[in-house]
1. Do we have Y186 as aromatic (F, W, Y), touching a Leu at 6+ places or on another chain (Cβ under 6 Å) and either farther than 30 Å from T87 by Cβ or open to solvent by less than 40 Å² (accessible area, probe 1.4 Å) (or both) here?
2. With respect to R137, is the statement that it is at pLDDT 95 or above and either in a loop (DSSP other than H, G, I, E, B) or of a type in the set (K, R) (or both) true?
3. For T124, only one of the following conditions fails: (1) open to solvent by 30 Å² or more (accessible area, probe 1.4 Å); (2) under 23 Å from L158 (Cα atoms). What is its number?
4. Checking the conditions here, which among S241, S209 is open to solvent by less than 10 Å² (accessible area, probe 1.4 Å) and modelled with pLDDT under 95?
5. Grab the strands (runs of 3 or more DSSP E) fully contained in the range 1-113, keeping just those with 1 or more residues being open to solvent by 10 Å² or more (accessible area, probe 1.4 Å).
6. List pairs: first residue in the range 29-50 and within 17 Å of A65 (Cα to Cα) and free of Cβ contacts under 8 Å to residues at least 40 places away in the same chain, second residue outside any strand (DSSP E or B) and open to solvent by less than 30 Å² (accessible area, probe 1.4 Å) anywhere in the structure, Cβ distance under 9 angstrom, at least six positions apart or on different chains.
7. For the range 218-238, which residues satisfy the criterion of being open to solvent by 40 Å² or more (accessible area, probe 1.4 Å) and either assigned to a strand (DSSP E or B) or not small (G, A, S) (or both)?
8. Condition first: free of Cβ contacts under 8 Å to residues at least 60 places away in the same chain and under 18 Å from the mean Cα position of the chain (by Cα). Can you find one or more residues in the range 102-119 that meet it?
Amino acid sequence: MDKLLELTIAIQQIPAPTFEESQRGEFVRKLFEEEELEDISKDEVGNIYGRYRGEGIGAPLVICAHLDTVFPAQTDLRLARDPKRLTGPGIGDNSLAVAGMLALIWMLREKNIRLPGDIWLVATVGEEGLGNLQGMRAVVNHFEDTPIAYLALEGMALGYIYNRALGVRRYRVSASTEGGHSWGHYGRSSAIHELAKLITALTALELPSSPRTTMNVGVISGGISVNTIAAEASFELDLRSEGEDVLTELIRDTEALILSANKPEVKIVAEQIGKRPAGKIPASHPLVKLAERSLIQQGVKPILIVGSTDANIPLSRGYPAICLGVSTGEGAHTMDEFIDTEPVAQGMAQLLYFVENLWGIA
């Protein structure tokens, strides 16, 4: 696994913020060329494709791993190593998974395994944050229902099988007022104050624990000085639910509160900035059962889970899809993100078993 870990580090060292993945994408494209994959290409949004040829008697498998990270381009990507761990921003989310796609090809060749169908490897863009899964949308628009399955990879999710896609809606809520001087114009409406009232009203909504439903205001901005009544302000709102009907109801209640917050002297508008659709395949689906067996073969207890991954898009359209992990780790989206190196061998053996047996479950 040393070769895989070294490749993971090389990928991690290339900055790849959402919408700025081109440098890392070019690196992966060259890797595909070195592996002599066929039909290597880059699409209009920046996804990198390469085809590993099978026997041509079965439908293709699409394996994807996202290139982008949540970290700005200027982030210090310094890596720390110890015998059992690699620590650094983006090492597990998702550098390890991108490298894992290549390592799977190495394993297939080393064991001289011929598969009934082709494998399309796709390094996707726009998975994180406001990327809105744009890369995976383009992938699914391209392949539609032709693959036997879609398999998304995440670096730190070993043991988990994402067979349910978490519905997400994101909004930027903006307020505008006349503004003025904090003393001389005291009494005028403040955009910041009005949004604070709105946030208080939103967070007072009762959310069900089952299906699990969440609300978060993650960003607030506005105002120009401590002694100015803010004329402009905004916040970014994240809504999620395991239940599509519950999410729809929460969206309706949220939009009603936003509308009611408007006054003659206060204009408040909401712009949808993110939509991740829900979807699922049942626990009894052959794809899920194969994923479970793949983990059990490695002595890992499988856990079915809901999440927001690249698999959301094919699942939302009724196509067979799951997301699997390569290793374990913690600290995703922090500077102390790390992966455990010992379980990587189990994670890759799991993927090899899954791929070897996939065409037999149809």
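The values are calculated or read from the model by the stated rules, or taken from the named source; none is laboratory data. Quick caveat: nothing in here was measured; it's all calculated off a predicted structure. Methodologically, a virtual Cβ is constructed for each residue, glycine included, from the backbone with ideal geometry; neighbour enumeration extends over all protein chains shown. Each accessible area value is taken on the protein alone, full model and side chains, heavy atoms only, with ligands, DNA and RNA left out. Shrake-Rupley method; radii C 1.70, N 1.55, O 1.52, S 1.80 Å.
1. On the way: aromatic (F, W, Y): yes; touching a Leu at 6+ places or on another chain (Cβ under 6 Å): no; either farther than 30 Å from T87 by Cβ or open to solvent by less than 40 Å² (accessible area, probe 1.4 Å) (or both): yes.
Here the answer is no, as Y186 does not meet what is asked.
2. Working: at pLDDT 95 or above: yes; either in a loop (DSSP other than H, G, I, E, B) or of a type in the set (K, R) (or both): yes.
Answer is yes for this residue.
3. (1)
4. Values: S209 fails: open to solvent by less than 10 Å² (accessible area, probe 1.4 Å).
Exactly one residue qualifies, and that residue is S241.
5. Working: elements: 38-42, 48-52, 61-66, 80-82, 85-87.
Correct list: 38-42, 48-52, 80-82, 85-87.
6. Qualifying pairs under 9 Å: I40/F32; S41/N47; K42/G25.
7. Across the range 218-238, the qualifying residues are G218, V219, I220, S221, G222, I224, V226, N227, T228, E232, E236.
8. no
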